[in-house]
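Worksheet: one structure, shown below.
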Amino acid sequence: QVQLVESGGGLVQPGGSLRLSCAASKNIFSTALMAWYRQAPGNQRELVATITSGGSTTYVDFAKGRFTISRDTPKNTLYLQMNSLKPDDTAVYYCNAIYLGFNYWGQGTQVTVSS
């Protein structure tokens, strides 16, 4: 069993930055596929970025050049650095882990981009 706890969300003005964190309850990064998703009101949950156990990263188009996924293995923590935020980035952001065949989700953290 793995618990994922997100933090770092909040209210930010357009053009601003936020760094989201996802603390895992144990060291899974060496074998897990980690990802960030988001869900805006009335929309389906959508993928934002992934990082493999080997450290390779992928981003969906809206995240390229603005968002960076990273991890700190000794701290069992996944990050999402978000820059140049837009109102359309407003959503609940979720941490996800695919680990030993199981799919784990955090509870989500709200990001609101508004002036």
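The values are calculated or read from the model by the stated rules, or taken from the named source; none is laboratory data. What you see is a predicted model; the values in this text were computed from it and never measured. Here the Cβ positions follow ideal geometry from the backbone for every residue, glycine too, while neighbour counts run over all protein chains shown. Only protein heavy atoms, including side chains, enter the accessible area calculation; ligands, DNA and RNA are left aside. Shrake-Rupley method; radii C 1.70, N 1.55, O 1.52, S 1.80 Å.
What number goes with the only condition from (1) among the hydrophobic types (A, V, I, L, M, F, W, C); (2) in contact with a Phe, Trp or Tyr (Cβ under 9 Å, 6 or more places away or on another chain); (3) not in a strand (DSSP E or B) that Ile98 does not pass?
Tallying (1) among the hydrophobic types (A, V, I, L, M, F, W, C); (2) in contact with a Phe, Trp or Tyr (Cβ under 9 Å, 6 or more places away or on another chain); (3) not in a strand (DSSP E or B), Ile98 fails exactly one: (3).
Going by the structure shown, is Val92 closer than 18 Å to Val5 by Cβ, among the aliphatic types (A, V, I, L, M) and open to solvent by less than 20 Å² (accessible area, probe 1.4 Å)?
Values: closer than 18 Å to Val5 by Cβ: yes; among the aliphatic types (A, V, I, L, M): yes; open to solvent by less than 20 Å² (accessible area, probe 1.4 Å): no.
Spelling it out, it is not the case that Val92 is closer than 18 Å to Val5 by Cβ, among the aliphatic types (A, V, I, L, M) and open to solvent by less than 20 Å² (accessible area, probe 1.4 Å).
Return the only residue of Ser70, Ser53 being over 14 Å from Thr109 (Cβ atoms) and under 11 Å from the mean Cα position of the chain (by Cα).
When all the criteria are applied, what remains is Ser70.
Condition check: in contact with a Phe, Trp or Tyr (Cβ under 6 Å, 6 or more places away or on another chain), open to solvent by 40 Å² or more (accessible area, probe 1.4 Å) and either over 18 Å from Ser25 (Cα atoms) or of a type in the set (Asp, Glu) (or both). Does Arg71 satisfy that? Write out each step before concluding.
Values: in contact with a Phe, Trp or Tyr (Cβ under 6 Å, 6 or more places away or on another chain): yes; open to solvent by 40 Å² or more (accessible area, probe 1.4 Å): yes; either over 18 Å from Ser25 (Cα atoms) or of a type in the set (Asp, Glu) (or both): no.
No: the conditions fail for Arg71.
Do we find a residue being open to solvent by less than 60 Å² (accessible area, probe 1.4 Å), outside any loop (DSSP other than H, G, I, E, B) and in contact with a helix residue (DSSP H, G or I) (Cβ under 8 Å, 6 or more places away or on another chain) anywhere in the range 1-22?
no
For the subset of the range 23-47 comprising residues that are surrounded by fewer than 14 Cβ atoms within 10 Å (Cβ to Cβ) and among the small types (Gly, Ala, Ser), which member is farthest from the chain's Cα centre (by Cα)?
Gly42
If you go through the range 55-65 one residue at a time, do you hit one that is among the charged types (D, E, K, R) and without any contact (Cβ under 8 Å) to a residue 40 or more places away in the chain?
Yes - at least one qualifying residue is present in the range 55-65.
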